[in-house]
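Following: one structure in structure tokens, then a few remarks.
The values are calculated or read from the model by the stated rules, or taken from the named source; none is laboratory data. Remember, it's a predicted structure, so these values are computed and weren't measured experimentally. Note that we place each Cβ from the backbone using ideal geometry, even for glycine, and neighbour counts take in every protein chain shown.
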Amino acid sequence: MLTVRKAQLADLPTIMQIFTEAKNYLMEQHIPQWQDGTPDQAVFTADIQAGDLYVLTDETNLLGMAALKLGPDQFYQTITNGSWHSD
């Protein structure tokens, strides 16, 4: 059975492992997303503490995660040189 729940700080090691694997996959595909060091563990920790990070689990494993934020996201507030940081 799959379940979605709010992430807990105890989930952080697995969250970081999943994120690292996803970041490496994107790099292998020549996709620049997440290659600049953000988000990092501090961002995930803040999202957990704010109650904005959710995880997908089965009976025994954490399978994925997503940040669900209400309102504007700070990462989309600033346009540099007339464009977003990436497409």
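Considering every residue within the range 58-75, establish whether at least one is in a helix (DSSP H, G or I) and out of contact with any Lys or Arg (no Cβ under 8 Å at 6 or more places or on another chain).
There is at least one residue in the range 58-75 that is in a helix (DSSP H, G or I) and out of contact with any Lys or Arg (no Cβ under 8 Å at 6 or more places or on another chain).
When the criteria are applied in full, Ile48 meets the requirement of being of a type outside the set (Gly, Ala, Ser) and either touching a Gly at 6+ places or on another chain (Cβ under 7 Å) or touching a residue at least 40 places away in the same chain (Cβ under 8 Å) (or both).
A Cβ distance below 9 Å, combined with a sequence gap of six or more or placement on separate chains, defines the contacts here; from the range 65-87, residues that are under 19 Å from Ala7 (Cα atoms) reach no residue that is of a type in the set (Lys, Arg) and modelled with pLDDT of 70 or more.
May I ask you to list the residues in the range 56-66 that are over 11 Å from the mean Cα position of the chain (by Cα) and surrounded by 11 or more Cβ atoms within 10 Å (Cβ to Cβ)? Those that are over 11 Å from the mean Cα position of the chain (by Cα) and surrounded by 11 or more Cβ atoms within 10 Å (Cβ to Cβ): Leu56, Thr57, Leu62, Leu63.
Residues of the range 9-37 that are part of a loop (DSSP other than H, G, I, E, B), in contact (Cβ under 8 Å) with a residue 24 or more places away in the chain and within 18 Å of Lys69 (Cβ to Cβ): Gln33 alone. Selection within the range 38-55: residues that are closer than 19 Å to Leu70 by Cα and among the aliphatic types (A, V, I, L, M). The member of this set that is farthest from the chain's Cα centre (by Cα) is Ala50. Considering the range 11-34, and only residues there that are under 12 Å from the mean Cα position of the chain (by Cα) and of a type in the set (A, V, I, L, M, F, W, C), the residue that is surrounded by the most Cβ atoms within 10 Å (Cβ to Cβ) turns out to be Ile15.
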